[in-house]
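So the structure is just underneath, and the comments pick up after that.
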Amino acid sequence: MNNANYIICDFIYTKWVEPFKSQRAFAIEHNIEESIVRKIKNTSLKKNKVDYNIPVNTLAKICEARNIKLSEFFKLIGL
């Protein structure tokens, strides 16, 4: 598993998705498909050997919805 992918997915899932009302609500508010949220979750939880290589475009959508720049996100997670 690519360590950077895991770090990104784990941060998004544990800090932003889990506290949300539902995965579906997170997807809607962040302008992404719910299936992407499931891929992020499964990578974070290391389920079914999923290693989601999150596209920069998807990451940018999530960051935009949270009003942070991509550079701020990478500082936040220590990459």
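Each value in this text was obtained by applying a stated rule to the coordinates, not by laboratory testing. Fair warning: this is a prediction, and the values are worked out from it, not measured in the lab. Because the Cβ atoms are built from the backbone with ideal geometry, glycine has one as well, and the counts that use them run over all protein chains shown.
Taken over the stretch 1-13, the criterion of being farther than 17 Å from N67 by Cβ and without any contact (Cβ under 8 Å) to a residue 60 or more places away in the chain is satisfied by M1, N2, N3, N5, Y6, C9, D10, Y13. Residues in the stretch 1-13 that are of a type outside the set (D, E) and surrounded by 13 or more Cβ atoms within 10 Å (Cβ to Cβ): A4, N5, Y6, I7, I8, C9, F11, I12, Y13. Taken over the stretch 44-67, the residue count meeting the criterion of being in contact with a Leu (Cβ under 9 Å, 6 or more places away or on another chain) and more than 18 Å from F20 (Cα to Cα) is 2. Restricting the stretch 21-79 to residues that are over 18 Å from I7 (Cα atoms) and of a type in the set (V, I, T) leaves a set whose member that is nearest to the chain's Cα centre (by Cα) is I32.
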